[in-house]
Protein chains: 4
Amino acid sequence: MVRSVMSTEQMLPFAELLGIKILSKAPDRVEAELFVREDLCTRPAVLHGGAVMAFADTVGAIATVENLPAGAWTTTIESKTNFFAAIAAGETARAECMPLHRGRTTMVWQTRIMRGDGRLAAVVIQTQMVTTPKDGSA
Amino acid sequence: MVRSVMSTEQMLPFAELLGIKILSKAPDRVEAELFVREDLCTRPAVLHGGAVMAFADTVGAIATVENLPAGAWTTTIESKTNFFAAIAAGETARAECMPLHRGRTTMVWQTRIMRGDGRLAAVVIQTQMVTTPKDGSA
Amino acid sequence: MVRSVMSTEQMLPFAELLGIKILSKAPDRVEAELFVREDLCTRPAVLHGGAVMAFADTVGAIATVENLPAGAWTTTIESKTNFFAAIAAGETARAECMPLHRGRTTMVWQTRIMRGDGRLAAVVIQTQMVTTPKDGSA
Amino acid sequence: MVRSVMSTEQMLPFAELLGIKILSKAPDRVEAELFVREDLCTRPAVLHGGAVMAFADTVGAIATVENLPAGAWTTTIESKTNFFAAIAAGETARAECMPLHRGRTTMVWQTRIMRGDGRLAAVVIQTQMVTTPKDGSA
């Protein structure tokens with residue numbers, strides 16, 4: 001959960017394992033997609049709720065990094081997901097992440113996860129702690 | 001998120017990808033462990049928050065299945081995680097899942113995720129919808 | 001938390017105690033306001049977090065009732081709030097509630113609580129269970 | 001939500017309006033009770049979900065204050081409630097609050113709300129930000 005400042009070129013190992021692709025990133029909006037491989041599924045073959053949460057967590061962290069001052073880093077301190085619809089194997093899920101709050105010590109992001117047909121599959125709100133060099137840990 | 005009734009022998013594909021091992025399961029308690037491989041990590045190399053949530057979600061679903069009547073199935077409808085401490089690559093994380101509520105249409109589980117040294121790393125509370133054959137979908 | 005079908009004329013006793021005023025209601029949007037009396041505050045004199053949550057819970061329940069089939073009733077099963085800014089005594093807080101999901105057995109609502117100056121003070125997401133006469137309780 | 005350091009003698013105005021009574025407080029456990037007056041109810045006459053959340057929020061803030069260093073103050077930044085059972089008018093609800101995490105910049109509390117018959121009515125987890133004089137706001 002502790003994340004160093006990532007450059008565009010660096011992807012987190014777990015995000016690579018899942019196959020998350022960042023489509024665009026800016027301080028107020030990050031978009032990404034995730035192809036629903038069979039090994040990301042539960043049974044029946046729909047994207048595992050854990051993979052949905054991991055997808056959103058990754059996107060929210062990247063959004064935070066886009067807003068960090070030099071030398072600062074970020075950690076997810078809490079995350080809440082509501083699930084609405086399943087995403088079938090073979091589909092591509094899409095994430096759109098936008099800020100609810102960008103403060104000096106916390107940032108809060110809301111990520112909408114959508115199915116291939118545009119239907120809302122899940123909503124995730126997560127709080128990122130921002131730590132600057134002069135502070136200690138949470 | 002939609003899950004059919006799993007037998008002991010069947011593991012969900014995503015739980016296999018992560019390497020989750022169920023240590024014990026009973027209607028009022030499920031224990032599991034997860035070795036923190038490098039490819040489950042963020043940077044620096046600690047277990048990715050998304051992997052923590054996926055670990056708990058899997059364990060909570062298995063706990064629900066232990067309590068389902070014949071023919072029923074379950075879906076995670078919401079999940080909330082608070083993160084307290086990082087779990088380093090090479091450690092083994094442990095999950096203990098116990099019920100807060102086991103009703104006819106919903107079950108609510110609390111999962112504690114612990115580090116190798118016993119320190120509490122995260123707490124997850126999730127709500128599982130229980131659907132019986134006569135009902136429709138949520 | 002268990003709520004019967006409310007007519008426009010009936011207000012819940014606790015909503016009356018707080019002084020919640022419903023400005024408009026329709027199946028896909030409910031708006032309300034709450035004057036920040038001194039006795040709804042914490043110290044220093046800003047609207048108590050609990051009053052913020054009670055305001056949103058009331059509005060989300062009313063929104064659900066707008067969508068209930070005849071004879072059905074609703075219960076809040078979970079609620080999550082993120083707080084961003086304080087609302088001072090003497091101000092009027094405003095709530096806007098919109099659906100994230102309206103299913104047969106659950107509805108999920110997102111309520112934005114705003115200060116007098118329009119700044120976002122809190123966001124609440126809540127899940128309402130919908131119970132129809134043929135079903136039992138949760 | 002912003003709270004100054006409260007002495008035992010000072011009660012917050014909103015906690016007084018609700019009638020919350022602190023039974024005991026110590027750094028690792030706070031207990032309180034709340035008589036379910038008619039004007040704290042929804043219809044049918046059971047304790048309003050918002051009153052349940054306000055009760056827990058108050059108790060969690062008091063628990064945080066028990067752990068604050070001199071000159072520091074605290075704010076609730078997020079709160080999550082799961083509801084399990086209704087508490088009827090005329091009963092006395094009871095809250096038990098214990099720490100999940102007590103760090104330098106955040107504390108996380110879990111509060112169990114119980115009915116008169118001891119049945120678990122709700123569980124609340126809330127995160128309190130701790131601000132010390134040298135820091136700015138969140």
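Of all the criteria given as (1) within 14 Å of chain B (Cβ to nearest Cβ); (2) closer than 27 Å to D:T42 by Cβ; (3) open to solvent by 40 Å² or more (accessible area, probe 1.4 Å), the one not satisfied by D:G90 is (1). Say whether the condition of being among the hydrophobic types (A, V, I, L, M, F, W, C), more than 14 Å from chain D (Cβ to nearest Cβ) and open to solvent by 30 Å² or more (accessible area, probe 1.4 Å) is met by at least one residue in the stretch B:96-114. There is no residue in the stretch B:96-114 that is among the hydrophobic types (A, V, I, L, M, F, W, C), more than 14 Å from chain D (Cβ to nearest Cβ) and open to solvent by 30 Å² or more (accessible area, probe 1.4 Å). Consider B:A45 carefully, then state whether it is more than 17 Å from B:L120 (Cβ to Cβ), open to solvent by 30 Å² or more (accessible area, probe 1.4 Å) and more than 7 Å from chain A (Cβ to nearest Cβ). Against the criterion (more than 17 Å from B:L120 (Cβ to Cβ), open to solvent by 30 Å² or more (accessible area, probe 1.4 Å) and more than 7 Å from chain A (Cβ to nearest Cβ)), B:A45 qualifies. Criterion applied to A:R29, A:R115, A:R119 was being farther than 29 Å from B:E16 by Cα and of a type in the set (K, R), and the one residue passing it is A:R29. Condition check for D:A32 on (1) assigned to a loop (DSSP other than H, G, I, E, B); (2) away from chain C (no Cβ under 11 Å): one failure, at (1). Test B:D39 against the stated conditions and say whether it is free of Cβ contacts under 8 Å to residues at least 12 places away in the same chain and touching a Pro at 6+ places or on another chain (Cβ under 8 Å). Taking the combined requirement at face value, the residue satisfies it. Going residue by residue through the stretch D:49-66, is there one that turns out to be open to solvent by less than 10 Å² (accessible area, probe 1.4 Å) and over 16 Å from the mean Cα position of the chain (by Cα)? Scanning the stretch D:49-66, I find no residue that is open to solvent by less than 10 Å² (accessible area, probe 1.4 Å) and over 16 Å from the mean Cα position of the chain (by Cα), so the answer is no. Given the condition open to solvent by 30 Å² or more (accessible area, probe 1.4 Å) and closer than 28 Å to A:I77 by Cα, answer yes or no: does some residue in the stretch C:3-18 qualify? Taking every residue of the stretch C:3-18 in turn, none turns out to be open to solvent by 30 Å² or more (accessible area, probe 1.4 Å) and closer than 28 Å to A:I77 by Cα. If only residues of the stretch A:67-87 that are more than 10 Å from every other protein chain (Cβ to nearest Cβ) and over 22 Å from D:Q126 (Cβ atoms) are counted, the one that is most open to solvent (accessible area, probe 1.4 Å) is A:A70. Of the residues making up the stretch C:43-55, at least one is modelled with pLDDT under 95, among the basic types (K, R), assigned to a loop (DSSP other than H, G, I, E, B) and under 24 Å from D:V65 (Cβ atoms).
The values are calculated or read from the model by the stated rules, or taken from the named source; none is laboratory data. As the structure is a prediction and not an experimental result, all values here were calculated from the model. We place every Cβ from the backbone using ideal geometry, glycine too, and count neighbours over all the protein chains shown. These area figures cover heavy atoms from the full protein model, side chains too; ligands, DNA and RNA do not enter into them. Shrake-Rupley method; radii C 1.70, N 1.55, O 1.52, S 1.80 Å.
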